[in-house]
Amino acid sequence: VRNFTTMTEGSDEHQLVLQLNEYFTEMVRHVFDNNGTLDKFIGDAVMAVWGNIVTRGPAVDAQDAVATALLMKQSLAELNKGWKQRGWPQLAFGIGINHGEAIVGNLGSVEKMELSVIGDTINLGSRLEGLTKEYHLDLLLGESMASLVRDRFLLRPVDLVQVKGKTKPVEVFAVLGERRLMETEPKWLKHYEAGLDLYRNRRFAEALREFEQSFQLGPDDYINELYIKRCLDYIEHPPGPEWNGVYVMKKK
């Protein structure tokens, strides 16, 4: 949940507990309805896992996770409508989804243990959630997810990112929707993807034209604006030969 710590300052404790419980109830319902398991609550966060106890195969598990995230977004919009009518603050969130091997086991102390997952895959999922703030998005997928879900969901490549704790950059993706519910792919997306390819090949003037075309045809969003600004900056101040198109995640 975005800005939860700030919300707790001066909030009515009884109302805050009721609101969080309503939120958790809806979010967890979607996890269970889509074959996931609730790993734990971490403060205001929900950690869910697919394939740790029962798996339907990597692709189906990954698609179930993305379907859950999209349903969570719908439910949060409905919850916010009701909370607004009750005079309660509206909530926003960020979701990061990653795929890979993880260690599953009973973790804890002699006094208290719980079945959980740990490892690099889990850490990157957490980093992806943090990146949603930087790209003004509410959902980001790691590159290991893309090949598993792109047949069902239309994806938008967002950036190559060097996240804290990783030696190699990873590509991150946004989800535009479920393909079967979309009549056609949006026209702006081809210009955006062409611009991204040109940008990564240091052809910034050509990339700029594609991003501007994408901006005119499609979403007036932060990512289009981000790449337009980057291209203008690099046209004026070309990067050095070591530049590889990778954004380095700020230390959190």
Considering residues of segment 58-71 that are of a type outside the set (Asp, Glu) and either in contact with a Ser or Thr (Cβ under 8 Å, 6 or more places away or on another chain) or open to solvent by 20 Å² or more (accessible area, probe 1.4 Å) (or both) only, the residue farthest from residue 100 (Cα to Cα): 71
Members of segment 21-50 found to be touching an Asp or Glu at 6+ places or on another chain (Cβ under 7 Å) and aliphatic (A, V, I, L, M), listed by number: 47, 48, 49
Test for residue 99: is it open to solvent by 30 Å² or more (accessible area, probe 1.4 Å), outside any strand (DSSP E or B) and more than 22 Å from residue 137 (Cβ to Cβ): no
First in segment 133-156 and more than 18 Å from residue 189 (Cβ to Cβ), second anywhere and charged (D, E, K, R) and open to solvent by 50 Å² or more (accessible area, probe 1.4 Å), Cβ under 7 Å, 6 or more apart: 138/73
Test: residue in segment 31-51 that is in a helix (DSSP H, G or I), in contact (Cβ under 8 Å) with a residue 12 or more places away in the chain, within 21 Å of residue 126 (Cα to Cα) and touching a helix residue (DSSP H, G or I) at 6+ places or on another chain (Cβ under 9 Å): yes
Complete set of residues in segment 134-154 that are at negative phi, under 12 Å from the mean Cα position of the chain (by Cα) and either among the acidic types (Asp, Glu) or open to solvent by 10 Å² or more (accessible area, probe 1.4 Å) (or both): 134, 137, 138, 143
Test: residue in segment 18-32 that is open to solvent by less than 20 Å² (accessible area, probe 1.4 Å) and over 22 Å from residue 117 (Cβ atoms): yes
Qualifying residue in segment 42-49 (condition: at pLDDT below 95, open to solvent by 20 Å² or more (accessible area, probe 1.4 Å) and at positive phi): yes
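The values are calculated or read from the model by the stated rules, or taken from the named source; none is laboratory data. Values in this document were obtained by computation on a predicted structure and should not be read as measured data. Glycine also receives a Cβ, built like all others from the backbone with ideal geometry; neighbour counts cover every protein chain displayed. In case anyone asks, the SASA skips ligands and DNA or RNA and just uses the protein heavy atoms, side chains included. Shrake-Rupley method; radii C 1.70, N 1.55, O 1.52, S 1.80 Å.
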